[in-house]
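Everything on this sheet refers to the single structure shown next.
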Amino acid sequence: MQKLKYLDYWLVVPYLILSVLGIVMVYSASADIGSQNGGSPGSYLVKQAIYVIMGLIIVSFMIMLNINKLRDKNILRYAGYVALASLLLLLVMGQTINGAAGWFHLGPISIQPAEFVKFYVIIWLANVIAQRQDDIELYGWWVTMRWPLAICAGIVGLILVQPDLGGATINATIIFVMVLASGISTKKSVSIFGAALLGVVLVLFPLLTKISEMGFAKNVYQLQRIVAFVHPFAHSQGVGQQLVNSYYALSNGGIFGVGWGNSIQKTGYLPEPNTDFIMAILTEELGLITALAVVTLLFILILRTLLVGIRSNSTYQSLICYGVATYLTIQSIFNLGGVLGMLPITGVTFPFISYGGSSTWTLALVMGTVMNISARQKRFRATH
């Protein structure tokens with residue numbers, strides 16, 4: 001119980017505000033969907049409220065947990081087996097939603113293993129790197145880390161073939177940033193980053209444009225998203241409908257919004273209003289000011305997480321914080337980029353605001369872990 005008095009309110013308060021706002025916005029964005037599906041307007045509200053309450057229990061558990069338990073080799077091994085088995089099972093019995101077979105249906109809820117894999121990758125890779133610091137200095141970075149990286153590549157590959165490009169890219173980015181923080185030389189890290197960026201600029205964007213021009217993406221869901229990104233208004237009655245209606249929602253909202261519950265686009269015009277495009281609905285109803293406030297709160301969480309990592313004298317704890325900050329950052333960028341038409345739509349939810357149990361619980365796991373690390377730091381400073 002002593003850890004509770006050392007809670008970091010720069011982490012706790014934004015987390016609570018965003019989670020409560022998420023419940024409110026899920027209700028507003030999903031009321032029409034619930035009615036159209038034959039249920040009650042509050043069906044998604046009840047589920048999201050339960051997810052958040054369970055998330056708070058998870059956060060509390062992670063704060064009270066001895067963080068070294070996460071380094072237990074048996075726990076990591078069996079968690080790895082579960083993660084691998086789940087990703088493999090998805091290939092044969094996964095439920096397809098939005099073109100990706102990435103979900104298991106368990107009664108009234110759907111579980112998305114790729115979400116929980118983000119947490120596993122963070123704690124596992126942080127432990128591997130921390131344990132091998134001496135070997136990295138003695139034998140070199142590549143010799144020491146090639147097999148862990150091969151495992152990471154396998155995990156990302158299994159997510160990619162679902163196909164879940166968003167989930168695969170987020171996990172790959174988490175791995176990339178943690179690797180850069182592992183002791184690899186500045187010269188090598190700059191070279192890797194530069195090569196990756198150059199590849200995106202010289203290969204990916206021209207390829208996306210060519211795919212759109214060739215017009216062979218009619219029956220492939222992932223390629224349809226690329227077409228929608230490149231030429232949304234040319235396909236406004238088809239694959240570009242989501243992005244075009246997202247623009248309409250943002251335009252309708254203006255600075256102050258049309259009022260909570262008064263969105264037009266959520267009434268059947270904008271698909272996925274309670275998940276992928278909830279920020280478009282939030283901006284339409286509550287305005288640009290509220291959207292900026294949400295982004296600011298998320299920025300505070302990310303900045304504070306980075307600060308906790310920088311202050312830590314433990315390589316393991318620092319790497320966890322860097323991984324969590326990367327997770328929050330890249331997922332937010334992907335979601336907002338899709339809503340604003342700056343990136344292809346990847347089906348990535350917005351942290352804390354979008355509907356979903358797997359996302360809510362994974363966020364609870366990572367934020368509870370960071371709060372644990374921060375509380376340990378504050379207690380150490382208070383007692384020394």
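Highest-first packing order for the peptide set 341-352, 301-312 is 341-352, 301-312, based on the mean count of other beta carbon atoms within 10 Å. Computed extension length for Phe256-Leu16: 84.1 nm, one decimal, from 0.36 nm per residue of separation with the Cα-Cα distance subtracted. Computed from label points 7 Å out along Cα-Cβ, the spacing between Phe299 and Ile50 is 3.7 nm. Site pair Phe104 and Leu343 shows an inter-label distance of 2.8 nm when each label is modelled 7 Å from Cα along Cα→Cβ. Normalised by the number of residues in the range 254-318, the average gap of Cα pairs under 8 Å and 6 or more apart makes the relative contact order 32 percent. Atom-type composition of the exposed protein surface of the range 125-184 places 64 percent of the accessible area on carbon and sulfur (1.4 angstrom probe). Surface exposure of the range 247-317, expressed per residue as accessible area with a 1.4 Å probe, stands at 44 Å². What the range 75-164 shows is 51 Å² of accessible area per residue, with the surface traced by a 1.4 Å probe over protein heavy atoms.
Separation of the alpha carbons by more than 26 angstrom is noted, of Lys69/Lys378; Lys47/Lys378; Lys47/Lys118; Lys5/Lys47; Lys5/Lys118, for Lys47/Lys378; Lys5/Lys47; Lys5/Lys118.
Computed from phi, the 3J(HN,Hα) profile of the range 314-319 under the Karplus parametrisation 6.51, -1.76, 1.60 (θ = phi - 60°) reads 10, 4, 4, 5, 4, 5 Hz, with x in place of Gly and Pro.
Computed from backbone phi with θ = phi - 60° and the Karplus coefficients 6.51, -1.76 and 1.60, the 3J(HN,Hα) list for the range 290-303 is 5, 4, 5, 5, 4, 4, 5, 4, 5, 4, 4, 4, 5, 5 Hz; x is used for glycine and proline. Extension gain, Leu138-Leu88: 0.36 nm per intervening residue step, less the Cα-Cα distance, totals 14.4 nm. Element breakdown for the range 292-377 at a 1.4 angstrom probe: carbon and sulfur atoms account for 72% of the accessible area. The range 42-65 and the range 314-384 have Cα centres separated by 16 Å. Semi-axes of the equivalent ellipsoid of the range 292-384 are 28, 13, 11 Å, computed as sqrt(5λ) over the eigenvalues of the C-alpha gyration tensor in descending order. Stretching the chain fully between Leu4 and Leu288 yields a gain of 98.7 nm (0.36 nm per residue, less the alpha carbon separation).
The values are calculated or read from the model by the stated rules, or taken from the named source; none is laboratory data. Computed from a prediction, not measured in an experiment: that's the story for all the values here. All Cβ positions, glycine included, derive from the backbone under ideal geometry; neighbour counts span all protein chains shown. Accessible surface areas use protein heavy atoms only, side chains included; no ligands, DNA or RNA. Shrake-Rupley method; radii C 1.70, N 1.55, O 1.52, S 1.80 Å.
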